[in-house]
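Chemist: Below is a structure I'd like to ask you about.
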Amino acid sequence: MATRTDASTRREQILKEAARLFAERGFHGVGVDEIGAAVGISGPGLYRHFPGKDAMLAELLVGISGQLLTGGRRRVAEAGTEPGAGGPGAVLDSLIEGHIDFALDDRPLITLHDRELDRLRDSDRKMVRQLQRQYVELWVEVVRDVHPQLAEPPARAAVHAVFGLLNSTPHLSRPKLPNRAATATLLHAMARGAFASAADAAARA
């Protein structure tokens, strides 16, 4: 008899393979049977877990937006209270590290968001946007703690620019990164540099 944990694990497997296939071939280029075959079950068997492809897409895009926000809030709380915490800079570093983990480990979701967001129902798309706005504002507050000379508008613009930088990972080598650790270090340095440049520009203005 399947347990709740088994069902949860199977749902996660289905979503992972659906994200990969949707990113590779496009939402309409993938059938339910193909997703089922990727996880070792029949296409109709997927309907025990999801009512259809639309539901998978919604759970993927709403889910990752919620996970980023939840993870970001957790990182801010933990980095700010750890013994010997390094202040606002350490909080920003932790946020950057968390987003880099997403950008390197969940590249299909970035492609999926860019290509398929408009396919969501209005309510799901609005939820994604709401979660994303909260995530951006979380970053804006932390960035301004590190660079107080940045007003909110340029800080927000810098956050969006850094997201564009970090989320460029689907354009890197496929299917695997040449060196994950080196790529993560490079992305981190570039993100920090971008915020510092924005602060320098504000100071000169």
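Chemist: Can you name every residue in the stretch 191-205 that is more than 14 Å from G164 (Cβ to Cβ) and either surrounded by 16 or more Cβ atoms within 10 Å (Cβ to Cβ) or in contact with a Leu (Cβ under 7 Å, 6 or more places away or on another chain) (or both)?
Modeler: R192, A199, A202
Chemist: Going through the stretch 13-39 one residue at a time, which ones are in contact with a Ser or Thr (Cβ under 9 Å, 6 or more places away or on another chain) and closer than 14 Å to T111 by Cβ?
Modeler: Listed by number, the residues that qualify are A19, F22, A23, E24.
Chemist: Can you find even one residue in the stretch 166-189 that is surrounded by 15 or more Cβ atoms within 10 Å (Cβ to Cβ) and either touching a strand residue (DSSP E or B) at 6+ places or on another chain (Cβ under 7 Å) or not in a helix (DSSP H, G or I) (or both)?
Modeler: If we filter the stretch 166-189 for residues that are surrounded by 15 or more Cβ atoms within 10 Å (Cβ to Cβ), which is where we start, we get 166-167, 169-170, 177, 183-184, 187-188.
Filter once more, so that each one left must be either touching a strand residue (DSSP E or B) at 6+ places or on another chain (Cβ under 7 Å) or not in a helix (DSSP H, G or I) (or both): 167, 177.
Yes - at least one qualifying residue is present in the stretch 166-189.
Chemist: Is it true that E82 is in contact with a Ser or Thr (Cβ under 9 Å, 6 or more places away or on another chain), charged (D, E, K, R) and modelled with pLDDT under 95?
Modeler: Values: in contact with a Ser or Thr (Cβ under 9 Å, 6 or more places away or on another chain): no; charged (D, E, K, R): yes; modelled with pLDDT under 95: yes.
So E82 does not fit the description; no.
Chemist: How about the stretch 22-71: which of its residues are farther than 22 Å from R115 by Cβ, assigned to a loop (DSSP other than H, G, I, E, B) and in contact with a helix residue (DSSP H, G or I) (Cβ under 6 Å, 6 or more places away or on another chain)?
Modeler: Scanning the stretch 22-71 gives S42, G43, H49.
Chemist: In the stretch 104-133, what count of residues is obtained for those that are acidic (D, E), closer than 21 Å to R180 by Cβ and part of a helix (DSSP H, G or I)?
Modeler: Going through the stretch 104-133 one residue at a time, the tally reaches 1.
Chemist: Select from the stretch 107-139 the residues that are surrounded by 19 or more Cβ atoms within 10 Å (Cβ to Cβ) and farther than 23 Å from F22 by Cα and list them in ascending order.
Modeler: Across the stretch 107-139, the qualifying residues are Y135, W139.
Chemist: Would the stretch 140-156 turn up any residue that is part of a loop (DSSP other than H, G, I, E, B), of a type in the set (K, R) and free of Cβ contacts under 8 Å to residues at least 40 places away in the same chain?
Modeler: no
Chemist: Quick check: is even one residue across the stretch 49-64 among the acidic types (D, E), under 24 Å from V142 (Cα atoms) and modelled with pLDDT of 95 or more?
Modeler: Start the filter on the stretch 49-64 by keeping residues that are among the acidic types (D, E), which leaves 54, 59.
With under 24 Å from V142 (Cα atoms) added as a condition, the list becomes none.
Within the stretch 49-64 (the criterion being among the acidic types (D, E), under 24 Å from V142 (Cα atoms) and modelled with pLDDT of 95 or more), the answer is no, since none of the residues qualifies.
Chemist: Counting just the residues of the stretch 47-59 that are among the hydrophobic types (A, V, I, L, M, F, W, C) and out of contact with any Asp or Glu (no Cβ under 9 Å at 6 or more places or on another chain), which one comes out surrounded by the most Cβ atoms within 10 Å (Cβ to Cβ)? Show your work before the answer.
Modeler: Restricting attention to the stretch 47-59, the residues satisfying the condition of being among the hydrophobic types (A, V, I, L, M, F, W, C) are 50, 55-58.
If we keep only those that are out of contact with any Asp or Glu (no Cβ under 9 Å at 6 or more places or on another chain) as well, we get 55-56.
Working: A55: 14, M56: 24.
Among them, the one singled out is M56.
The values are calculated or read from the model by the stated rules, or taken from the named source; none is laboratory data. Treat the numbers as computed from the prediction; the structure is a model and nothing was measured. Reconstructed Cβ throughout: ideal geometry from the backbone, glycine too, with neighbour counts over all protein chains shown.
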